[in-house]
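See structure below.
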Amino acid sequence: DGLRRLHLAVAATKYPRRLDDKFVELLQTVLCSSNCPEQIQVLCAAILREMSPCNDLTLSCDEIQDTKLLSLVSSILLAQGNKKAEVPAVGQRIVKVLERRLPEGQSARYLLPVLSNVISLSPGSLTEEQTNVVSKKMADWLRYASIQQGVAQPSGGFFSNPRTRQPGPVTEVDGAIATDFFTVLSVGQYYTQDQWLNVQAFSMLRKWLLCYGGKGLKTPRSGDKSGMDRSVMSMVSTTSTSSRLLPPKERLREKAFEYCQRLIEQSNRRPLKKDDGDLQKACLIEAVTIMDIICKQDSSYVYRAVSFLKILHSRICGDATYARALLPIAQFFLNHSKMAAVDSDAIYKHLFTDIPAQLFHNPSLAFEFVQFCKDNSQVFTEASSIFRQSFPNLFKFLAWNSPPLISEFVDLLPFLLDAGTAIEIFHLLLDMPCLTAALDIQLRSTALPTSERAASDLAVKPATCLEAFRHPLYKSMFQYLLRNKSVPEDAPERLIPLRQLLGSLASSPRVVQCAETVPVLLELFFRVVAEFADGPLINQLVVLLLQRSDQLYEIPAFKDDVYRVLSAQLVMLCKLHPALIVELSKEILEFSGTVSNIQNKEAIFSHVVWAIGEYMSVSYDKRCTVEQINRFFETLEAMLFEITQLRPLASTPSYAPRAISVLMATLTKLAARSQDLIPRVSMFLSKMRTFVQSPAVTSVYCEEDLEEILIRATELMNLLKMPSVAQFVFTPPVDMASTRFQREVNDSLPFALRMVTRLLEPAPGFMP
């Protein structure tokens, strides 16, 4: 009891604890005492592990013969962090004990977990000779375990019967008597020591093969038929006599491959217990993964595995409970289908089409599926078009599991994007919260009794989202939003009624979480698109950006974040393709001439107006004419007049000071390029003093904002008094656009304005 309390005290804290040196010495002495109860030894070892790394340890595993004690001491030494080369020392000792015949009552089953830790911490700690020893042992443990059940250990109680029954054979998961060799899926009431070793050997087999299975191996060269010939021979006749003549690593691969084949066959049996069914699926995944590793290390196994796994896939692809097992099967065919000359598109198509649509709500599968896509994204983009075509399905995982999967999708999104998918992905990103809400409705609709799933009457308007899901008016909208593959020719505008309908779910925590991930992915989307977009694609994106700003899911914080991102990315697109201002003049004029955009979408409006002033110039596009400049000028002049005209005190609206400043600056820039407009701008700017001093205006704007507006108006007006200077500042020649003064307009313009103001209105004592 005292040791239990001490273990709790040292384990249940994040702060380091220190024990007296004498007490640490006593713990080591008790641990290694031959007459100490096992329970006390386990507690002493647990306390010493929690205290690690410990400088006062004197433990050594060199002379320990008892396998249980060796396991406990080794676990303490491995916890020290290899400061004194403890890991190689433990590994050497474990292999040395496994090498010899163990005394009666000793078992290697206590040592395999330690060996597994050793190869995880330091794979290079074992020599080639030692790995061969362990490989030989593992091959025997996997293939030659007893098929008779173990004997129950007598309890020693008053009613214990010395005449125990003879053990029977192990059975399969369906209750049938096992007729083949023992595996982890064999069932018995009690197990023998070699059966426990069989289970442990399989549990560390993948790690062992990855560390030591492929060293010094030769695989058949491309076009060499020896691999296929050898594979065919091994299918026709493989005897244990010929197997024992193989080198240890090759023999382990052969026995491991047979073991995996047996597991896959056993997974076809109907289990009597649910737990056995779960174990079947876990073993199936592990078996296929190990077969993939073996085929990578020795390609002669590929031809045996391909036909076997094709049959397995056709058997389990229709069962959703086996969905996780489809991932390693797909991974196998990704790695080996080219060599085996088999067409595996049907496997990928089923994986990307059916699984996300049916099981997007399974969090563990979602993570594994997206991780699988991320790990193989380069291969998929080069080898199969199915991957990119299935992006609407993949985004269902993100829509339902947003916070855990956002980092994976940040890595995955660049591989889904190209010129053909960019527009559709842009729409889908903006509709992500709407997609989450639709998935919620789909799940709830699926859970309804069959009697309640009848189609709704077209004449009756649906009262709830659930009714709308089956209503003919909304059915096609739901189908488009929940589509399984890319449909680029469809019109996303059709979703406007659906966004309004699903607005009732805007406060759902899952929908809100999804909405928070959209700005991150939008920024990444534009960074990636900027690497390959040409002029027409950029124009298309800008038009959609302006259109979709009116068509967002109704979450205020979401809309603000999206406006912030879209406005910043609009500037980036204009820098990439300045000619879009001329090419899209109709759409831009329409957007910038709408007063409501200043109030509802001020960030986007201000950046559009800034882009007009910056890029509506012959310096960027020779097609820019005076008529076009005048048309933009008149539109923006009307906008500035609308938002700065004086009204009765009660009806004066408040507009963002930034929008007023940007409008003034853009009008000044346009006037500098068409100098007939300078008097109109100058007169307008001169009236700004009256505007900012009006009681109706001062009641709705703060003093600092009004002062900034007046300063900017004064600076711009002063600059226009020197038209040639204004033209140089606002419209530099192309060869001057990269100079230090003109490199960043946002930095240089305020400096130029202040300089001109000081020249025209010098302060006392100022010397130019």
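The values are calculated or read from the model by the stated rules, or taken from the named source; none is laboratory data. Owing to the predicted nature of the structure, the values given are computational and were not obtained by experimental measurement. Neighbour counts are summed over all protein chains in view; Cβ atoms, including those assigned to glycine, are modelled from backbone coordinates with ideal geometry. Surface accessibility is based on the protein's heavy atoms, side chains included, excluding ligands, DNA and RNA. Shrake-Rupley method; radii C 1.70, N 1.55, O 1.52, S 1.80 Å.
Brief remarks on what is shown
- E493 accessible area, assembled protein chains, probe 1.4 Å, Å²: 80
- Within the accessible surface of the stretch 340-392, defined with a 1.4 Å probe on protein heavy atoms only, the carbon and sulfur portion equals 50 percent.
- Only one item in (i) 76; (ii) 54; (iii) 68 matches percent of Cα pairs over 33 Å apart derived from the coordinates shown, and that item is (iii).
- Amide H within-cut-off set for Q148, under 5 Å, with H built and near neighbours excluded: V170
- Per DSSP, loop GluC sites (Glu not before Pro) in the stretch 494-539 with at most 11 further Cβ within 10 Å: E531
- With a Förster radius of 35 Å applied to the C-beta separation of A463 and D375, the computed FRET efficiency comes to 0.15.
- C-alpha center-to-center spacing [the stretch 618-632, the stretch 282-332] in angstrom: 64
- Prolate/oblate/rounded label for the stretch 29-76 (Cα gyration tensor, a/c 1.5): oblate
- Here K68 is the anchor, and the lysines within straight C-alpha reach of less than 16 Å, apart from those fewer than 8 places off in the same chain, are K96.
- Whole-Å distance, taken between Cα centres, linking the stretch 117-154 and the stretch 1-63: 29
- Of the trypsin sites (Lys or Arg not before Pro) found in the stretch 75-130, the ones in coil according to DSSP and having at most 14 other Cβ atoms within 10 Å of their Cβ are K83, K84, R100, R101.
- For K475, the accessible area of its heavy atoms, probed at 1.4 Å with every protein chain present, is near 100 square angstrom.
- Which of E104, E99 is most accessible, then next, and so on - probe 1.4 Å: E104, E99
- In terms of its C-alpha gyration tensor, the stretch 1-126 has an oblate overall shape, because the principal axis ratio a/c (a ≥ b ≥ c, square roots of the eigenvalues) is not below 1.5 and a/b does not outweigh b/c.
- Under the convention that each Lys and Arg Cβ holds +1 and each Asp and Glu Cβ holds -1, the size of the dipole of the chain around its Cα centre is about 1740 debye.
- For the stretch 272-326: rounded, prolate or oblate by the Cα gyration tensor [a/c cutoff 1.5]: prolate
- With θ taken as phi - 60° and the Karplus curve 6.51 cos²θ - 1.76 cosθ + 1.60 applied, the whole-hertz 3J(HN,Hα) list for the stretch 83-99 is 5, 10, 6, 5, 5, x, 4, 5, x, 4, 5, 4, 5, 4, 5, 5, 5 Hz, x standing for glycine and proline.
- Once the 1.4 Å probe is applied to the protein heavy atoms, the stretch 1-126 comes out at 56 Å² accessible per residue.
- Filter on K310/K349; K249/K281; K84/K249 - keep pairs with C-alpha separation over 19 Å: K249/K281; K84/K249
- DSSP loop chymotrypsin sites (Phe, Trp or Tyr not before Pro) with at most 15 other Cβ within 10 Å excluded, longest remaining stretch of the chain: 191-531
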